[in-house]
Amino acid sequence: MIKKNIKILSLFVAVMLTAFLTACGNSNSSSETDASSYPEKDIDGVIIWGEGGATDNISRTLAPLVEEELGGSLVMQNKEGASGAIATQYVYDQPADGHTLLFGAENPNLYQVLDISERDYMNDFTPISIFGQNFGGLVVHEDSEFETIEDVIDFAKENPGELNMGYSGEGSLPHVASAMLEAELDTEFNYVPYDGDGPLATALLGKEIDATVLSVSAAQEYVDAGDFRMLSVINDEALETAADVPPITESYPAFEKYFPWGPFQGVFVHKDTPDSIVTKLTDAFETAQENEDFQNTLESLGVVPLNINGEEAVEYVDKNRSTSTWLLHDAGAAETSPEEFDIPRVDED
């Protein structure tokens, strides 16, 4: 009886081992064929902002070009809210199979220190491509008493908390750039919040605020119309689209360590997406961005083309996160220290 039971047990173990090895073999085979069968259905492209902004325009211009490379449909949708955190969490919650893409900007780099969300690019996503980088410009009303960036900074130093600096929410370009000025130049602004860059520009037109930082592309139309004056670009060199505006490093060389830095647009997938699918997506987006119409779209928006991926994209996003989070922390604008998330200072990388 005992021998019979042992024989049955041995047979059971053998069957289970065979099943296990077969499953492993099937799993490996599936992994190898992921890229060849991908995409197996429509791909959802989730944009973290609403319609009409730079991220939306860039993403929707690129989508049909990527479709041609992948041989499948890319269905774009906007999921705005909570500085992009709603869309970011949504994409993270979907299966990690490459059928849900996050079209985003720099904002998720700041979610953790601002206590907006536990998600961020470095820990939860893989960059497929960083399309391009935008730049900020310090602007004032055409009738402002401030003629240079030094005028703004000197006033803020001599009158702490009296200069009304407009911004468009936590983690926005005006917020981070103003924090940069406070942290590096020992200034103190009175922050006035607005619901987006449109209302912010309207506020400056109405002289409700003294100054703000807008993307150069958004500010340029007001400058050209004679409504605003751009005093400085937040960069280490002048821009072709605003060639007569000095870079901030011309007045304050200490800012050189922060650059290259600025708003960016890119596309990301869940960190657990198979490497084969990541590679196929990376190749498709890289080729699609070479299209002339897409390049013209970037130029019209004042965006400098990057088209970077792989480790270069990871390093780019990581440096942007390090710079931005520590700027906010040093200015007292972050809820939590970047140290809590093992984020080094930019000069400690």
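Annotations
- Each principal axis of the Cα cloud of the stretch 97-206 was taken in turn, and the coordinate range along them, longest first, works out to 55, 26, 22 Å.
- Matching label, Cα extents along the principal axes in Å computed from the structure shown, candidates (1) 100, 44, 31; (2) 78, 50, 36; (3) 83, 44, 36: (1)
- Volume of the convex hull of the stretch 129-180 (Cα atoms only), normalised per residue: 115 Å³.
- Measuring only protein heavy atoms, the 1.4 Å probe finds Tyr92 accessible over about 50 Å².
- Cα-only radius of gyration and Dmax that characterise the stretch 146-213, units Å: 11.2, 30
- For the pair the stretch 44-105 / the stretch 205-245, the C-alpha centres are spaced 29 Å from each other.
- Protein heavy-atom accessible surface, 1.4 Å probe, per residue over the chain: 46 Å².
- With Cα atoms as the point set, the radius of gyration and Dmax of the stretch 247-335 evaluate to 16.3, 48 Å.
- In a reduced charge model with +1 at each Lys and Arg Cβ and -1 at each Asp and Glu Cβ, the chain shows a dipole moment near 2440 debye about its Cα centre.
- Among Gly310, Gly266, Gly137, residue whose mean-square fluctuation peaks in a GNM of the chain (springs only between Cα atoms under 10 Å): Gly310
- Looking at the chain alone, DSSP beta bridges between its own residues are antiparallel in about 60 percent of cases.
- A compact globular protein would have a Cα radius of gyration near 2.2 N^0.38 Å; the ratio found for the stretch 136-258 is 0.95.
The values are calculated or read from the model by the stated rules, or taken from the named source; none is laboratory data. Values in this document were obtained by computation on a predicted structure and should not be read as measured data. In this analysis, Cβ positions are derived from the backbone assuming ideal geometry, glycine residues included, and neighbour counts consider all displayed protein chains. Just so you know, the surface numbers come from the protein's heavy atoms only, side chains and all, with ligands and any DNA or RNA stripped out. Shrake-Rupley method; radii C 1.70, N 1.55, O 1.52, S 1.80 Å.
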